[in-house]
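Take a look at the structure below.
What follows draws every value from the coordinates through simple rules; no lab data is involved. Note that this is a predicted model, so its numbers are computed, not measured. When we count neighbours, we look across all protein chains shown, and the Cβ atoms used for this are built from the backbone with ideal geometry, even at glycine.
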Amino acid sequence: MSMKFPNESATYRAARNRLLDAEADLRQRTEDVAALRRALPPGGDIPEDYGFHDADGAQTPLSSLFADGQDTLALYSFMLAPDATVPCPMCTGFVDALDGAAPHIRARMGLEVGIGGTCAQARELKAARGWQDIRVLSFAGTTYNRAYHGEGPDGSQWPMLNVFQRQGQTIRHFWSTELFRHDWGGHPRHMDPAWPLWTFLDWSPAGRGDFFPSLNYD
């Protein structure tokens, strides 16, 4: 059924209907890709139960991040190195949006954010952004970020979301946003599906343009 809006032309409606067909195709393709993701064979076991720390310095191993009764954990590597003076604006904007969705996500699966920096940096980051439902962990002192591609060989920080699955006492890697490292010819905005900012800009007449988030807009 075709919709119509006040005073639109027949030319507009014909073009909009063609776009609508393309949007429907894209939605179906998204569903198909999600099905392929769910059908992945078991990933590799984690090499160790990484000993992270929370913002207050308490040891928080990876295994403790799974909520009771849940077998899935999403762990985002936020770009903030020990020697960084400001956080990554892109990661900050993404987690700003994620903070509001976190309680809903956690009804279904675990969700945590970690940095390559120190506990003090984690504490300062959370306080500065006013995040209410996102806990910031420190990966410092572990090999997690290097092993799961949140950090380069030279210590540079990379944004990466990894999903883990627990089966009994075994924790396996399930999936990650590897599009960030995939040379497919387009922009590697691998977190787009989880970040409403880009969808809203794509819905606008001007599109994304060359816009990138800032830490503030004063």
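By the count of neighbouring beta-carbon atoms within 10 Å, fewest first, Lys4, Lys126 end up ordered Lys4, Lys126.
Karplus-based coupling profile of the range 133-148, in residue order and whole Hz: 10, 10, 9, 10, 9, 10, 8, 4, x, 10, 9, 4, 4, 5, 5, 10, with θ = phi - 60° in 6.51 cos²θ - 1.76 cosθ + 1.60 and x standing for Gly or Pro. Simple rule: put +1 on each Lys or Arg Cβ and -1 on each Asp or Glu Cβ in the chain, find the dipole, and look at Ala107, Gly93, Thr199; the Cα lying farthest toward the positive end is Thr199.
Across the chain, the relative contact order, built from alpha-carbon pairs under 8 Å that are at least six residues apart, equals 22 percent.
Under the convention that each Lys and Arg Cβ holds +1 and each Asp and Glu Cβ holds -1, the size of the dipole of the chain around its Cα centre is about 620 debye. Per the Kirkwood formula applied to alpha carbons, the chain shows a radius of gyration over Rh ratio, Rg over Rh, of 1.03. The residue list Leu40, Gln167, Ala140 was ranked by how far each Cα lies along the charge dipole of the chain toward its positive end, using unit charges on Cβ atoms, and Leu40 comes out on top. Computed from the C-beta positions of Phe5 and Trp203, the FRET efficiency with R₀ = 22 Å rounds to 0.90. The alpha carbon centroids of the range 39-94 and the range 96-147 are separated by 7 Å.
With the simple spin-label model, which puts each label point 7 Å out from Cα in the Cβ direction, the Asn17 to Ala39 separation comes to 3.4 nm. By the beta carbon rule, with partners counted only under 4.7 Å, the chain holds these lone Cys residues: Cys119.
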